[in-house]
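Only one structure is covered here, and it is reproduced in the block below.
The values are calculated or read from the model by the stated rules, or taken from the named source; none is laboratory data. Being a predicted model, the structure only gives us computed values, none of them experimental. Neighbour counts are summed over all protein chains in view; Cβ atoms, including those assigned to glycine, are modelled from backbone coordinates with ideal geometry. In case anyone asks, the SASA skips ligands and DNA or RNA and just uses the protein heavy atoms, side chains included. Shrake-Rupley method; radii C 1.70, N 1.55, O 1.52, S 1.80 Å.
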Amino acid sequence: MKSDRLAMLTAPLERQPWQGLMLLAAALLAVAILQAPNLIAANTSEHGHWLAPWLMWAVCCGVLNGLGFHLKSLPGRVLFNPWLAWPSLLYGLWLTHSYFLS
């Protein structure tokens, strides 16, 4: 029952344009994290230790949802909810925008 409600909640983001944008955002953030980790690393930036794992989770969630995977378990659906991933991906891209603009 809860799984059906969660599926109805995430259904709008499981359509083609949103999935493609999420995959693109996840790929851009992954490139920025891999190529310039000093932008988010705790000892080389003003951000805390929580930021890097949070943004890596957002990349994983963006790839899963962007490729169209549908998790079966309720904890998996909650953990990798695209409504949670979108703000995280956008925040990560905003933090790493200097990598793309310089």
Enumeration of residues in the stretch 70-102 that are out of contact with any Leu (no Cβ under 8 Å at 6 or more places or on another chain) and either at pLDDT below 85 or on the phi > 0 side of the Ramachandran plot (or both) = HIS70, LYS72, SER73, GLY76, LEU101, SER102
Quick check, is PRO37 open to solvent by less than 90 Å² (accessible area, probe 1.4 Å) and closer than 24 Å to ALA11 by Cα?
-> no
Members of the stretch 48-79 that are without any contact (Cβ under 8 Å) to a residue 12 or more places away in the chain and polar (S, T, N, Q) | SER73
Subset of the stretch 42-55 that is in a helix (DSSP H, G or I) and touching a helix residue (DSSP H, G or I) at 6+ places or on another chain (Cβ under 7 Å) - its residue that is farthest from LEU23 (Cα to Cα) = TRP54
Residue match in the stretch 38-47 (condition: closer than 22 Å to LEU79 by Cβ and modelled with pLDDT of 85 or more) | no
Does TRP18 qualify as being surrounded by 10 or more Cβ atoms within 10 Å (Cβ to Cβ), under 16 Å from the mean Cα position of the chain (by Cα) and part of a helix (DSSP H, G or I)?
-> yes
Which ranges mark the helices (runs of 4 or more DSSP H) fully within the stretch 56-102 that have 2 or more residues being closer than 15 Å to LEU39 by Cβ and open to solvent by 40 Å² or more (accessible area, probe 1.4 Å)?
-> 82-95, 97-101
